[in-house]
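Structure record follows, encoded as structure tokens.
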Amino acid sequence: VSHDDTVSSLDSAQAFFRANEREFTLKEDVALISLAVFPEREQANIFRSSLLRGQGWESAIAAIGSDSLGAPQLLRLHRRQYFQASTLLPQELWRLARTLARDEPSYAVRTEHGYAILQVHSLKLQGEVADFEYVRPEIAARFLIERRRRQYERLVATLRSRRAADIRVMRSDTLAEHE
């Protein structure tokens, strides 16, 4: 796939999304979140402080990763991933995500897996139109199905043009079968 095909495909997907926005209303709340979980509260707070000072997520992660303490600095990391209430666990994280201002780093939240810091980039509520990036895989799947349907129709048309076909469907009498 060439770069031009990818750009064209992206443009087509965005145009389809804009033309059919109402088909992409959310059935549940969805948030685009970056999440990092640290083994120690101190590491989480250092990370949060870096974010509050204006350091970007990636560079703050890199700084934590290059710490010379030798202990694992990061237990889990999600960069700009979509979550629903059912996928962002524990539930305290979801409740916190719904209260944060856009791109505001949370305080360190203790979970059974460590201390979590999250940053909400987008929050869409049930009934709102989803972000394009959230539904982009669904649009790509629709395009794939449509492309395959057209290929199938061309194949059938080609086969019919090469061979005369006489297709007869025999219908049996369903009442006679049950007597």
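The values are calculated or read from the model by the stated rules, or taken from the named source; none is laboratory data. Worth saying up front: this structure is predicted, and the values here are computed from it rather than measured. A quick note on method: Cβ atoms are made from the backbone with ideal geometry, for glycine too, and the neighbour counts reach across all protein chains shown. The area values use the complete protein model at the heavy-atom level, side chains included, leaving out ligands, DNA and RNA. Shrake-Rupley method; radii C 1.70, N 1.55, O 1.52, S 1.80 Å.
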### Task
Would you mind calculating the gained length between R136 and R41 on full extension (0.36 nm times residue separation, minus the Cα-Cα distance), in nm to one decimal?
30.6 nm
### Message
I'd like the accessible area for V156, computed on protein heavy atoms only with a 1.4 Å probe and all protein chains in place. Round to 10 Å², please.
### Response
40
### Query
S122 to R147: FRET efficiency via 1/(1 + (r/R0)^6), r the Cβ-Cβ distance, R0 22 Å, to the nearest 0.05?
0.15
### Query
How high is the FRET efficiency between V129 and R163 when r is their beta carbon distance and R₀ equals 41 Å, given to the nearest 0.05?
0.30
### N20-S86 FRET efficiency (beta carbon distance; Förster radius 25 Å; 0.05 resolution)
0.45
### Query
What does the accessible area of E138 come to, in Å² to the nearest 10, when a probe of 1.4 Å is used?
80
#### Entry: Cleavage-rule hits (trypsin sites (Lys or Arg not before Pro)) in the stretch 7-62: DSSP loop, at most 10 neighbouring Cβ within 10 angstrom
K27, R53
